[in-house]
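First the structure, in the form of C-alpha coordinates, and then the observations on it.
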Amino acid sequence: LVVNHNTSEKEILVQDEANHLYLINSTGRILWKLPLEGSVMGKIHQVDFYKNGPLQYLFNTPDKIHLIDRNGNYVERYPISLRANASNALALFDYDKSRDYRLFIATEDRKIYAYDIEGNLITGWKFGKTESLVKGEIQHFRISEKDYIVVSDENKTYFLDRRGKDRIKVKS
(Lines give C-alpha, C1' and ligand atoms only; values in the text may rest on other atoms or scores of the structure.)
Protein backbone atom coordinates (compact mmCIF):
# COMPACT_ATOMS: atom_id res chain seq x y z
CA LEU A 1 0.00 0.00 0.00
CA VAL A 2 1.21 3.49 -0.86
CA VAL A 3 -0.20 6.94 -0.19
CA ASN A 4 -1.42 9.23 -2.94
CA HIS A 5 0.19 12.53 -1.89
CA ASN A 6 -2.56 14.52 -3.66
CA THR A 7 -5.58 12.91 -2.00
CA SER A 8 -4.02 11.05 0.98
CA GLU A 9 -5.90 7.94 -0.19
CA LYS A 10 -4.28 4.52 -0.14
CA GLU A 11 -3.31 2.97 -3.47
CA ILE A 12 -1.76 -0.35 -4.40
CA LEU A 13 1.61 -0.75 -6.06
CA VAL A 14 1.93 -4.36 -7.20
CA GLN A 15 4.06 -6.45 -9.53
CA ASP A 16 2.84 -9.42 -11.58
CA GLU A 17 4.74 -12.59 -12.54
CA ALA A 18 5.84 -10.99 -15.82
CA ASN A 19 7.58 -8.22 -13.78
CA HIS A 20 5.12 -5.47 -14.72
CA LEU A 21 4.62 -2.91 -11.97
CA TYR A 22 1.10 -1.45 -11.60
CA LEU A 23 -0.29 1.47 -9.65
CA ILE A 24 -3.95 0.83 -8.81
CA ASN A 25 -6.18 3.48 -7.22
CA SER A 26 -8.72 2.99 -4.42
CA THR A 27 -11.52 2.16 -6.88
CA GLY A 28 -9.46 -0.58 -8.57
CA ARG A 29 -8.54 1.34 -11.71
CA ILE A 30 -5.03 0.76 -13.10
CA LEU A 31 -3.36 4.18 -13.30
CA TRP A 32 -0.21 2.93 -15.03
CA LYS A 33 1.78 -0.17 -15.89
CA LEU A 34 5.58 -0.26 -16.12
CA PRO A 35 7.67 -3.23 -17.30
CA LEU A 36 10.69 -4.04 -15.12
CA GLU A 37 13.64 -6.33 -15.91
CA GLY A 38 13.41 -8.17 -12.59
CA SER A 39 11.40 -8.76 -9.45
CA VAL A 40 11.08 -6.10 -6.77
CA MET A 41 13.16 -7.10 -3.74
CA GLY A 42 11.68 -6.13 -0.38
CA LYS A 43 9.41 -3.22 0.29
CA ILE A 44 8.74 -0.12 -1.78
CA HIS A 45 9.66 3.10 0.03
CA GLN A 46 7.99 6.45 -0.58
CA VAL A 47 10.42 9.38 -0.61
CA ASP A 48 10.29 13.09 -1.33
CA PHE A 49 13.17 13.28 -3.82
CA TYR A 50 12.64 16.96 -4.67
CA LYS A 51 11.81 17.96 -1.04
CA ASN A 52 8.62 19.67 -2.25
CA GLY A 53 5.81 17.36 -1.07
CA PRO A 54 5.08 14.91 -3.91
CA LEU A 55 6.27 11.37 -3.20
CA GLN A 56 8.12 8.92 -5.41
CA TYR A 57 8.53 5.14 -5.20
CA LEU A 58 12.00 3.77 -4.36
CA PHE A 59 12.95 0.08 -4.52
CA ASN A 60 15.45 -2.32 -6.02
CA THR A 61 15.46 -5.28 -8.32
CA PRO A 62 18.45 -7.65 -8.36
CA ASP A 63 20.53 -5.41 -10.64
CA LYS A 64 19.10 -1.88 -10.32
CA ILE A 65 17.78 0.77 -7.95
CA HIS A 66 14.55 2.33 -9.22
CA LEU A 67 12.92 5.67 -8.39
CA ILE A 68 9.57 6.24 -10.09
CA ASP A 69 7.25 9.21 -9.80
CA ARG A 70 3.51 9.07 -9.24
CA ASN A 71 2.85 9.09 -13.02
CA GLY A 72 4.96 5.97 -13.65
CA ASN A 73 8.01 7.85 -14.99
CA TYR A 74 11.58 7.43 -13.82
CA VAL A 75 13.14 10.28 -11.90
CA GLU A 76 16.26 11.64 -13.64
CA ARG A 77 19.36 9.38 -13.50
CA TYR A 78 17.25 6.36 -12.57
CA PRO A 79 17.32 3.41 -12.78
CA ILE A 80 20.81 3.10 -11.26
CA SER A 81 22.74 -0.04 -12.22
CA LEU A 82 24.32 -1.84 -9.28
CA ARG A 83 27.97 -2.87 -9.37
CA ALA A 84 26.96 -6.45 -8.55
CA ASN A 85 23.59 -8.13 -8.09
CA ALA A 86 21.81 -7.28 -4.85
CA SER A 87 21.65 -9.92 -2.14
CA ASN A 88 19.02 -8.03 -0.14
CA ALA A 89 16.44 -5.28 -0.38
CA LEU A 90 17.74 -1.74 -0.11
CA ALA A 91 17.51 0.00 3.23
CA LEU A 92 16.49 3.66 3.35
CA PHE A 93 17.65 5.95 6.16
CA ASP A 94 16.89 9.60 6.82
CA TYR A 95 19.24 10.22 9.76
CA ASP A 96 17.97 13.65 10.79
CA LYS A 97 14.47 13.58 9.22
CA SER A 98 15.71 16.19 6.73
CA ARG A 99 14.96 14.16 3.59
CA ASP A 100 18.71 13.76 2.97
CA TYR A 101 18.17 10.09 2.30
CA ARG A 102 20.83 7.38 2.40
CA LEU A 103 20.35 4.08 0.58
CA PHE A 104 22.24 0.98 1.67
CA ILE A 105 22.32 -2.22 -0.32
CA ALA A 106 24.32 -5.42 0.04
CA THR A 107 25.46 -7.22 -3.09
CA GLU A 108 26.65 -10.66 -4.12
CA ASP A 109 30.29 -9.47 -4.11
CA ARG A 110 29.83 -9.26 -0.29
CA LYS A 111 30.11 -5.46 -0.31
CA ILE A 112 27.67 -2.94 1.11
CA TYR A 113 27.17 0.12 -1.02
CA ALA A 114 25.88 3.45 0.29
CA TYR A 115 24.20 5.92 -2.07
CA ASP A 116 22.63 9.31 -1.70
CA ILE A 117 19.15 9.86 -3.14
CA GLU A 118 20.67 11.28 -6.34
CA GLY A 119 22.20 7.85 -7.02
CA ASN A 120 25.79 8.83 -6.18
CA LEU A 121 28.01 6.56 -4.10
CA ILE A 122 28.76 8.11 -0.70
CA THR A 123 32.44 8.99 -0.82
CA GLY A 124 32.96 8.78 2.95
CA TRP A 125 31.61 5.20 3.20
CA LYS A 126 34.62 2.88 3.67
CA PHE A 127 33.27 -0.58 4.48
CA GLY A 128 35.25 -3.59 3.22
CA LYS A 129 33.48 -6.91 2.73
CA THR A 130 31.28 -9.13 4.81
CA GLU A 131 32.27 -12.73 5.52
CA SER A 132 29.26 -14.12 3.66
CA LEU A 133 26.17 -12.84 1.85
CA VAL A 134 23.89 -10.36 3.58
CA LYS A 135 20.32 -11.43 2.93
CA GLY A 136 18.46 -9.66 5.73
CA GLU A 137 17.56 -6.03 6.16
CA ILE A 138 20.25 -3.48 6.99
CA GLN A 139 19.06 -1.45 9.97
CA HIS A 140 19.79 1.92 11.56
CA PHE A 141 19.54 2.82 15.23
CA ARG A 142 20.41 6.01 17.09
CA ILE A 143 21.37 5.62 20.73
CA SER A 144 22.69 8.53 22.81
CA GLU A 145 23.37 10.66 19.72
CA LYS A 146 25.40 7.86 18.09
CA ASP A 147 24.33 6.14 14.88
CA TYR A 148 24.56 2.37 14.52
CA ILE A 149 24.17 0.73 11.14
CA VAL A 150 23.62 -2.95 11.80
CA VAL A 151 24.31 -5.59 9.17
CA SER A 152 24.17 -9.36 9.61
CA ASP A 153 25.48 -12.02 7.28
CA GLU A 154 25.29 -15.76 7.88
CA ASN A 155 28.29 -15.69 10.27
CA LYS A 156 28.62 -12.28 11.84
CA THR A 157 26.84 -9.09 12.87
CA TYR A 158 28.50 -5.76 12.08
CA PHE A 159 27.81 -2.60 14.11
CA LEU A 160 29.00 0.30 11.95
CA ASP A 161 29.08 4.07 12.12
CA ARG A 162 27.97 6.36 9.27
CA ARG A 163 31.36 5.92 7.59
CA GLY A 164 31.30 2.12 7.55
CA LYS A 165 33.81 1.71 10.36
CA ASP A 166 33.26 -0.65 13.29
CA ARG A 167 31.43 1.09 16.10
CA ILE A 168 31.39 -2.13 18.15
CA LYS A 169 33.72 -5.06 17.49
CA VAL A 170 31.98 -8.36 18.08
CA LYS A 171 34.35 -11.14 19.13
CA SER A 172 31.98 -14.08 18.99
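The values are calculated or read from the model by the stated rules, or taken from the named source; none is laboratory data. Since we're looking at a predicted model, the values are computed, not measured. Note that we place each Cβ from the backbone using ideal geometry, even for glycine, and neighbour counts take in every protein chain shown. Just so you know, the surface numbers come from the protein's heavy atoms only, side chains and all, with ligands and any DNA or RNA stripped out. Shrake-Rupley method; radii C 1.70, N 1.55, O 1.52, S 1.80 Å.
Solvent exposure of segment 1-144 amounts to 52 Å² per residue of accessible area, where only protein heavy atoms count and the probe is 1.4 Å. Placing pseudo-labels 7 Å out from each Cα toward the beta carbon at residue 19 and residue 129 gives an inter-label distance of 2.7 nm.
The accessible surface of segment 71-172, taken with every protein chain in place and a 1.4 Å probe, is 42 percent carbon and sulfur. Taking only the Cα atoms of segment 19-118, the radius of gyration and Dmax are 13.7, 43 Å. Taking a point 7 Å from the Cα of residue 165 along the Cα-to-Cβ direction, the residues of segment 109-133 with backbone N closer than 11 Å to it are 126.
Where nothing but the Cβ of Lys and Arg (+1) and of Asp and Glu (-1) is charged, how large is the charge dipole of the chain around its Cα centre, in debye to the nearest 20?
Numbers: 26 positive and 24 negative charges, 118 e Å.
Dipole size: approximately 560 debye.
Only alpha carbons enter this Debye calculation for the chain, each as an equal point scatterer, and the log10 of I(q)/I(0) it gives at q = 0.11 Å⁻¹ is -0.49.
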